[in-house]
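S.K.: Dumping the structure here so I can ask a few things about it.
Laboratory data are not the source of any read-out in this text; all were calculated from the coordinates shown. Treat the numbers as computed from the prediction; the structure is a model and nothing was measured. Cβ coordinates were reconstructed from backbone atoms using ideal geometry, including for glycine residues, and neighbour counts include every protein chain displayed.
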Amino acid sequence: MAELTLERGAWAEVPQAVQFAVRGQMTVAGVGIFKTAIDAAVVGQASILLLGLREVPFLPSITLSYLADLVVRLQQRGGGIVLVGADAKVKMVLASLGLVQFFHFHDDFGPAREFAKGLARQLAQQPRLLIARGPGEGQEYPIAGTVAIGGADDATIRIRAQHIQPKHAEVYAADGRCYVKDLGSKMGTYVGKKKVATQALVDGDVIRIVDFELRFLAAGGG
């Protein structure tokens, strides 16, 4: 079996999506190559990952664990993972681990791309936060419930930086509007230049937490 390779496809139609055709054997070294390439692709704007697996007969448990963790992070950003041409054995292993429901499956890239377009349209119709400055710049997070911001491991938008507390602030939807709320942080949370406790947001508002900035995009905005 050939060494593992990942061929990234050029696809500018949906900026939130990235696709790879994966080929070869997922050895220990191959897992490292795989994770490095995928992590680099989703650091910025991409939140929808299309993985062509037709020429990959087996995925080791360490790869499945990585994908299970990644799909949760991408779903927080309104995206997900589409496995294209996955072998029946791969689906069986995912099912046995209780993971199959976290993924989408298509036989070819054509239908997978149409599915990705649909996800992107759904995201654009939701209120969301865009990281305008700081780690993850360009990423968007839909505001379906509460978006937790801070350094905690379970924060939706995790910021590991000096003066940013584990539970620093949150943005939430209520009564048809979106609000930002400071959670008693020492450095405070700002909308524009104004320090706020709780503030309703309007399209284009910039939330500033220390040196980190988030832009609020209303439904259909951006």
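S.K.: Give the relative contact order (percent, whole number) for segment 168-222; include only Cα pairs under 8 Å separated by 6+ residues.
M.R.: It comes to 25 percent, rounded to a whole number.
S.K.: Given Cα pairs under 8 Å that are at least 6 residues apart, what percent is the relative contact order of the chain? The partial results should precede the final answer.
M.R.: Numbers: 450 pairs, mean separation 31.1, N = 222.
Computed over the chain, the figure is 14 percent.
S.K.: Within the set of other residues whose C-beta is less than 11 Å from the C-beta of Asp108, count the net charge using Lys and Arg as +1 and Asp and Glu as -1.
M.R.: That works out to 0.
S.K.: Continuing with this model, one more query. Going Cα to Cα from Lys195, which lysines come in below 20 Å? Please leave out same-chain ones fewer than 8 positions away.
M.R.: In chain and number order, the partners are Lys167, Lys181, Lys186.
S.K.: Right, another one. Arranged by the count of other C-beta atoms within 10 angstrom, fewest first, what order do Asp211, Asp87 take? Could the numbers behind the result be given before it?
M.R.: Numbers: Asp211 12, Asp87 16.
Ascending number of Cβ neighbours within 10 Å: Asp211, Asp87.
S.K.: Related question: Quick check: residue separation of Glu114 and Arg160 times 0.36 nm, minus the Cα distance between them. What number comes out in nm?
M.R.: Working: separation 46, 0.36 × 46 = 16.56 nm, distance 3.57 nm.
Taking Glu114 through Arg160 to full extension adds about 13.0 nm, to one decimal.
S.K.: What does the charge dipole of the chain about its Cα centre add up to, to the nearest 20 debye, if the Cβ of each Lys and Arg holds +1 and the Cβ of each Asp and Glu holds -1?
M.R.: Around 580 debye, computed over the chain.
S.K.: Could you work out the per residue convex hull volume over the alpha carbons of the chain, in cubic angstrom? Before the final figure, lay out each step's value.
M.R.: On the way: hull volume 27.5 nm³, N = 222.
Given the Cα convex hull of the chain, per-residue volume reads 124 Å³.
S.K.: At a 10 angstrom cut-off on C-beta neighbours, averaged per residue, how do the peptides 98-108, 178-188, 161-171 rank from highest to lowest?
M.R.: Details: 98-108: 14.5, 178-188: 16.6, 161-171: 18.3.
Ranked by mean Cβ neighbours within 10 Å, highest first: 161-171, 178-188, 98-108.
S.K.: Out of Val84, Gly118, Leu53, whose Cα points farthest toward the positive end of the dipole of segment 5-123 (charges: +1 Lys, Arg; -1 Asp, Glu; placed on Cβ)?
M.R.: Gly118
S.K.: Also, quick follow-up: At a temperature of 37 °C and a viscosity of 0.692 mPa s, determine how fast segment 5-123 diffuses translationally according to Stokes-Einstein, using the Kirkwood radius over alpha-carbon pairs as Rh; express D in µm²/s, rounded to the nearest whole number.
M.R.: Details: Rh = 14.2 Å.
Rounded to a whole number, D works out at 232 µm²/s.
S.K.: Quick one: angle between helix 28-42 and the longest Cα principal axis of the chain, in degrees between 0 and 90, rounded to 10, please.
M.R.: That helix lies at roughly 40 degrees to the long axis.
S.K.: I would also like to ask the following. With the calculation restricted to Cα positions, what are the radius of gyration and Dmax of segment 127-217 in angstrom?
M.R.: So, for segment 127-217, Rg and Dmax equal 11.5, 34 Å respectively.
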